[in-house]
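Here the structure is laid out as structure tokens; the discussion comes afterwards.
The values are calculated or read from the model by the stated rules, or taken from the named source; none is laboratory data. Because the structure is predicted, anything quoted here is derived from the model rather than measured. Neighbour counts run over all protein chains shown; Cβ positions are idealised from the backbone, glycine included.
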């Protein structure tokens, strides 16, 4: 079933939480569940941890964020680490290969890795498989989900308040539930700021096709959008390039992209993944791992919305205060940002 753990940056301890800190319930796992694996035991010897990503870890976004978590495991726990890209049918092959090579922990960074993890996990009970999103779990398979919708909500709120055209846009790469859910948060924020706002949505089908992302962004801007947010991974540069050429503002996503060379990123909805990755690795090493779904959000220090200090002059102070008020509502549980269950 879906459960959630609270992650405190100071203590890095997980406790049950919902969207704002309380217990939550969720549908049953969406993938087949294995019951054949034995409960994990404390490890002996070297910890070997692998990360499989859908794109290059040099993307300054989704994949880079996960790689930072992997490197934190290497530094803090002295683990041997490895990373490779794999998509489609190659996902299962990569997972099997790592398990056969004795890796005790394998991260699959994305919703699309969850189903293969459940299947492969049946054959390798001594390897723990963790995916970023997804609901399939078993004794040796789990997932954690970053409540990035909260950051996207604040981005949408800001866009709705600042838009002069009354139109804003969302550009996605791969059309997967996790990305659609963050867009749901953006729409909610934009509508909260301005009820008649028009939100344009476009997917390219690829998180690596920079040209396609630029083309989709240009099309959205030509339709009137003057603020653009993305979930395009490495292809985000195409979004930024189009925004620069058309002189409209963009939002960064996953990592802080405010310093992008385009000079048009006004704020970023960010994930701090390192504590979550470290907590999982420590639980594998000490034999306390549990196969469940973890939700971490803004109240845990895992999600943030960061204004670009270089652009503060174009952001009204009244809006800065409003954004902080919305943030406080989220942190105090007065506002639950919508998200999809998957």
Of the residues in the range 301-335, those that are out of contact with any strand residue (DSSP E or B) (no Cβ under 8 Å at 6 or more places or on another chain), in contact (Cβ under 8 Å) with a residue 24 or more places away in the chain, surrounded by 13 or more Cβ atoms within 10 Å (Cβ to Cβ) and part of a helix (DSSP H, G or I) come to 319, 322, 326, 330, 331
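Can you tell which of 191, 202, 184 is surrounded by fewer than 21 Cβ atoms within 10 Å (Cβ to Cβ) and assigned to a strand (DSSP E or B)?
Unique residue meeting the criteria: 202.
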Picking from 111, 129, 124, the residue that is at pLDDT 95 or above, surrounded by 15 or more Cβ atoms within 10 Å (Cβ to Cβ) and either closer than 30 Å to residue 340 by Cα or under 15 Å from the mean Cα position of the chain (by Cα) (or both) would be 129
Only unsatisfied item for residue 218, checking (1) touching a residue at least 24 places away in the same chain (Cβ under 8 Å); (2) surrounded by fewer than 24 Cβ atoms within 10 Å (Cβ to Cβ); (3) not in a helix (DSSP H, G or I), is (3)
Scanning the range 106-158 residue by residue, the ones that are touching a helix residue (DSSP H, G or I) at 6+ places or on another chain (Cβ under 9 Å) and not in a helix (DSSP H, G or I) total 29
When the range 246-259 is checked residue by residue, the ones that are under 15 Å from the mean Cα position of the chain (by Cα) and either surrounded by fewer than 24 Cβ atoms within 10 Å (Cβ to Cβ) or assigned to a helix (DSSP H, G or I) (or both) are 255, 256
Looking across the range 229-245 at residues that are touching a strand residue (DSSP E or B) at 6+ places or on another chain (Cβ under 9 Å) and more than 20 Å from residue 65 (Cβ to Cβ), the single one that is surrounded by the most Cβ atoms within 10 Å (Cβ to Cβ) is 243
